[in-house]
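Engineer: So that we are looking at the same thing, I have put the structure below in structure tokens.
The values are calculated or read from the model by the stated rules, or taken from the named source; none is laboratory data. Predicted model only: the values in this text are computed from it and were never measured. Here the Cβ positions follow ideal geometry from the backbone for every residue, glycine too, while neighbour counts run over all protein chains shown. Calculation scope for accessible area: heavy atoms of the full protein, side chains included, ligands and nucleic acids excluded. Shrake-Rupley method; radii C 1.70, N 1.55, O 1.52, S 1.80 Å.
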Amino acid sequence: MKFQALALFSALFVASTAPYASAKTVTIPLQKRSDEEMVLQHLTRERDALLALQVSPKSEQKEAEEKDVSITEVDEKIAVQRRNLRTTADSESTTLSQEEPLPPLQKGESESIKDYANAQYFGTVSLGSPPQDFQVIFDTGSANLWVPKVGCSHCGNPIFGRKHKYNHDSSQSYKEDGADFEIMYGSGSVSGFFSVDEVGLADDIKITGQRFAEVQDAGGLGVAYALGKFDGILGLGFTSISIDSTPTVFENAIAQNAVDEPVFSFYLGDNKPGELTFGGYDETKFEGDLTYVKLTAATYWEIELDHIKAGSYDSEPKDKDTPITAIVDSGTSLMVGPKSEISKLASAVGAKANIMGEYTIDCDKLDDLPDVVFTIDGNDYVVPAKDAVIQAQGTCLFAFMGMDFPAGGPNWILGDVFMRQYYTVFNYQDQTIGFAKAKK
């Protein structure tokens, strides 16, 4: 298996960080969805849940009353958010709720551990010759490239969330594949078929013969996709988790010598656009030295955590038999952990759950919040209290959510909230992740 060979080569290769810094790199700007939009979607989900409870059993209605929320109150907040968003161009509707654990995940199964409902960053990739441009989420938590095809069902609408759609008849470099493609998300499936074409990253990286999926039906992503600004997904995980063992875009870039080094790096701006760099990293974007952590496996970009601490909350220290695992995931904006742990963490910082299990904090008490500290391989990585909250128009959303993943999945997801604090370098060959304090 190719990844076994890569692992063996990594064991024999002593890497120096200097070549990665001096290598020729290509940088793709990443657009960021606004905090106002994130909060609006939180309020919309809350309103929809309350409306659903009006036709629910009395026991569930009583639960809502005990949480001291009302449709009128939430509608007023939504109106304020929408008025504010009318003056911004960054608008994307999402759905985040996923209350029940997914069934156990079998190796090789076409199952995603997330649904992109709260993805916050996206950038441009091209397909075909002449190139057709698409806005995609560059996602370290998956491994396939897919975009909607001409005639796709549930792929946006003419007014909001209009999609760029791939037309293989317009591409001189298109090659037919035809194999079925389907991936299951929390809310349903996305399906289509595989094709082969040229992929462009920025102006300088061209990958030939890339297998990808033309999506015919994106209904499984729901409103999150239909109204969102992104067209598709470009997975930056390992081929071992890709559907039909399809080689990833980045693996092919390495094989075709399209990048100087087998490295890509994320710099996520604080309330501003971010950057994704292929072929190395940008030393001007971080302070001090990079500290590298070995992956647990070449699947997701998964590492082990020692523990997590915030105020009176302190997770159980890991032991050798049951380590705390986490994936570093550019495709998830919030921080995600086991429901029981997030409940304890929220209680320690004074966050309160709403009817969907999402958490808010009294905005007047932000100065009293403790920092959240993740200890990884003996080093502390701090998410300052003010950055653990998404604030807009008087609502403060605690940027942590609870989710219990299928067997074999991670315990935690370190999403964009974490990556905004730390410049993150993903080394495909060494199977490591490097962290350094990001410059503001």
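Engineer: Where the only charges are on Cβ atoms (+1 Lys, Arg; -1 Asp, Glu), what is the dipole of the range 361-440 about its Cα centre, to the nearest 20 debye?
Structural biologist: It comes to approximately 320 debye.
Engineer: Students sometimes get this wrong: rank 25, 424 by accessible area, probe 1.4 Å, all chains present, largest first.
Structural biologist: These residues rank, largest area first, as 25, 424.
Engineer: Another question, if that's okay. For the full complex of protein chains and a 1.4 angstrom probe, list 389, 382 by accessible area with the highest value first.
Structural biologist: 382, 389
Engineer: So how much accessible area does residue 289 have, in Å² to the nearest 10, using a 1.4 Å probe?
Structural biologist: Roll a 1.4 Å probe over it and residue 289 shows about 130 Å².
Engineer: In the neighborhood of residue 295, defined by Cβ-to-Cβ distances under 11 Å, what is the net charge if each Lys or Arg adds +1 and each Asp or Glu adds -1?
Structural biologist: Details: positive: 294; negative: 302, 304, 430.
Residues close to residue 295 contribute a combined charge of -2.
Engineer: Using the heavy atoms of the protein chains alone and a 1.4 angstrom probe, what is the accessible area of the range 330-440 per residue in square angstrom? Provide the component values of the computation, followed by the final result.
Structural biologist: Working: 3590 Å² over 111 residues.
Value returned for the range 330-440: 32 Å² of accessible area per residue.
Engineer: Here's another thing I want to ask about it. Roughly how many Å² of residue 189 are accessible to a 1.4 Å probe, to the nearest 10?
Structural biologist: Taking all protein chains as shown, residue 189 has close to 40 Å².
Engineer: Right, something else. Does the range 267-411 classify as rounded, prolate or oblate by the C-alpha gyration tensor (a ≥ b ≥ c root eigenvalues; a/c under 1.5 gives rounded; else a/b over b/c gives prolate, otherwise oblate)?
Structural biologist: oblate
Engineer: Please state the charge dipole magnitude for the range 285-440, taken about the Cα centre, from unit charges on C-beta atoms (+1 on K and R, -1 on D and E), reported in debye and rounded to the nearest 20.
Structural biologist: 320 debye
Engineer: Which order do 124, 246, 322 take when ranked by solvent-accessible area (1.4 Å probe, heavy atoms of all protein chains), largest first?
Structural biologist: 322, 124, 246
Engineer: Using a 1.4 Å probe on the protein heavy atoms, what percent of the accessible area of the range 143-300 belongs to carbon and sulfur? Mind showing how you got there, number by number?
Structural biologist: Numbers: 2820 of 6360 Å².
C and S atoms contribute 44 percent here.
Engineer: I would also like to ask the following. Filter the GluC sites (Glu not before Pro) in the range 163-229 down to the DSSP loop ones having no more than 16 other Cβ atoms within 10 Å, then list what survives.
Structural biologist: none
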